[in-house]
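Student: Provided herewith is a single structure, encoded as structure tokens, for subsequent inquiry.
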């Protein structure tokens, strides 16, 4: 049984170690590392689990990118840790995973936090991004700056490009003599950089990722939707849809932020989430 890569942030306070844990799921082409700062803050009050979803970060490269497959991966982690129920936070694609998991297994999820995504299909906004990422000449790249330059056409925002660059890893088996004067054009040394995510499988499943389907199920427990003020992902017109599936939901807007409020307004985001969890 393949298990997702994950990390546990444990509270120092002995009593808080016994609190119901929080699981955090990242967005499309993200990783659990995007949530390290928030996890450290939130773990003051409870154990926090950050996960790399399938085909992302250091998790296994597996066929399939349906939301059911992704939330079943999360359940496997909970079962491995003997956790029967937990709070669940998901951002963007991870928010859709979180919503589907809560709708399918409401007794397992103590509360739900959905960051800057609604329970609906979206236009294929990421096609340009996928094209840019998959055409990076990764085998010949010699610096992260080169990758950044290549992505500028598709990702204008510097913070979002920095977010994408976290998907690059430096290969440990890259030969130190790669740039030696004795190197010839026939040399086949390992490339200096490579992508962590399984881009081929993720792009193949992009239509499913952009979509969202539900049954008539509802998740009745307390739910918090967090919208970045300048982000187009959650609209006022989504309110009825949200309440039809999550009748105990509220929407909070974080000012001066876009699709990454947990990074762009780190302190305010932490306050909003910690207050929500403290009031349960």
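Rule-based calculations on the coordinates, nothing more; no lab input. These numbers were taken from a predicted model, which means no experiment stands behind them. Backbone-built Cβ (ideal geometry, glycine too); neighbour counts: all protein chains shown.
Student: Can you sort 215, 111, 162 from fewest to most other Cβ atoms within 10 Å of each residue's own Cβ?
Tutor: Working: 215 8, 111 22, 162 14.
Result, fewest neighbours first: 215, 162, 111.
Student: Looking only at 126, 91, 262, which one moves most when the chain is put into a Gaussian network model with springs between Cα atoms under 10 Å?
Tutor: 126
Student: Place a label point 7 angstrom from the Cα of residue 274 along the Cα-to-Cβ direction, then list the residues of the range 7-27 whose backbone nitrogen is under 16 Å away.
Tutor: It comes to 10-13, 16-17, 22, nothing else.
Student: Kirkwood hydrodynamic radius for the range 5-83: how many Å is it when counted over pairs of different Cα atoms?
Tutor: Mean inverse Cα-Cα distance, inverted, gives 13.0 Å.
Student: Report Rg(Cα)/(2.2 N^0.38 Å) for the range 189-239, keeping two decimals.
Tutor: Numbers: Rg = 17.9 Å, N = 51, 2.2 N^0.38 = 9.8 Å.
Dividing the Cα radius of gyration by 2.2 N^0.38 Å gives 1.83.
Student: Could I ask something else about it? Output the 0 to 90 degree angle, nearest 10, between the alpha-carbon long axis of helix 93-104 and the longest principal axis computed from the alpha carbons of the chain.
Tutor: Between the helix axis and the principal axis of the chain, the angle is about 40 degrees.
Student: With all pairs of different alpha carbon atoms counted, what Kirkwood hydrodynamic radius in Å does the range 27-167 show?
Tutor: 16.6
Student: Who wins for biggest fluctuation among 133, 97, 74 in a Gaussian network model of the chain, springs between alpha carbons below 10 Å?
Tutor: Checking each option, the largest mean-square fluctuation is seen for 133.
Student: Given the -39500 (n - 2.57) contribution per DSSP H run of 4+ residues, what per-residue ellipticity at 222 nm results for the chain, rounded to the nearest 500 deg cm²/dmol?
Tutor: Computed ellipticity for the chain at 222 nm equals -9000 deg cm²/dmol.
Student: I've got another one for you. Could you list 161, 170 so that the one with the fewest beta carbons within 10 Å of its beta carbon is first and the one with the most is last?
Tutor: 170, 161
Student: Cut-off 10 angstrom, C-alpha nodes, Gaussian network model of the chain. Which of 153, 90, 57 fluctuates the most?
Tutor: 153
Student: Let me ask something else. On a C-alpha basis, how far is the centre of the range 18-88 from the centre of the range 223-280 in Å? Whole number, if you could?
Tutor: Here the answer is 19 Å between Cα centres.
Student: Now a separate question. Among bridges DSSP assigns within the chain, what percent are antiparallel (round to 5)?
Tutor: Antiparallel bridges make up about 25 percent of those DSSP assigns within the chain.
Student: Kindly state, to the nearest 0.05, the FRET efficiency for residue 124 paired with residue 20, given R0 = 30 Å and r defined as their beta-carbon distance.
Tutor: 0.20
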